[in-house]
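Derivation of every value follows stated rules applied to the coordinates shown; laboratory data play no part. This is a predicted model, so every value here is computed, not measured. Quick reminder, even Gly has a Cβ in these numbers, built from the backbone with ideal geometry, and neighbours come from all protein chains shown.
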Amino acid sequence: MKHRKFFQFSPIARKIAIGVVIISILAVAGYLFAANYFAPEKMAHRELEKISRDYYENFFYDNFVARLTGDQKQAEFEKYTENGFPRVYLRELFLYDNEKHADSKQYFKYQDYTCNTDQTYVTFYPTAPFGDRDYRIEYNYSCE
């Protein structure tokens, strides 16, 4: 009985085949990452996080603390730890500080994804020791 000699790849052809497989895997992984990272929902969420942090740390906190004396600070902030400060709507985040973030509107009205600026809001909850970065944020989106 004769043994058939199967076709075997040469070492160069084998390396080329492995290279094609690796490049294909990297291309698919890159596409999935880019599709997820640049999704309109993700871009809107990242932008809302950015402008919300800026609002609280550089505008709201300074104005809130400016009217308090040292003894009042702890007591005033403790009032809001449970229920949070009043809601801040997306339209307000665009307009505060002489429309500092007006250029961010593009992230909330993108192709088929649009957020209602009168119903999308954030709520800030201060946490001890009540510094300008001691807080948590709850986001409420009204987007389609």
Run through region 31-72 and list the trypsin sites (Lys or Arg not before Pro) located in a DSSP loop whose Cβ has at most 10 other Cβ atoms within 10 Å. R67
Relative contact order for the chain using alpha-carbon pairs under 8 Å, separation at least 6, rounded to a whole percent? 22 percent
Computed lengthening from M43 to E76, 0.36 nm per intervening residue step minus Cα-Cα distance: 8.4 nm
Please list, in chain and number order, the residues 5+ apart from T114 or on another chain whose amide H is under 5 Å from its amide H, with Hs placed from the backbone. E144
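Hydropathy first: keep DSSP H helices in the chain averaging at least -0.5 on Kyte-Doolittle, then drop any whose Cα extent along the axis falls short of 30 Å, and list what survives.
Values: long enough: 11-37 (39 Å, 1.60).
Result, helices passing both filters: 11-37.
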Burial ranking of peptide ranges 121-133, 68-80 (average Cβ count within 10 Å, highest at the top): 121-133, 68-80
Taking log10 I(q)/I(0) by the Debye sum over Cα atoms at q = 0.14, 0.20, 0.21 Å⁻¹ straight from the coordinates, which label in (i) -0.84, -1.01, -1.08; (ii) -0.65, -1.22, -1.33; (iii) -0.77, -1.17, -1.23 is the correct one? (iii)
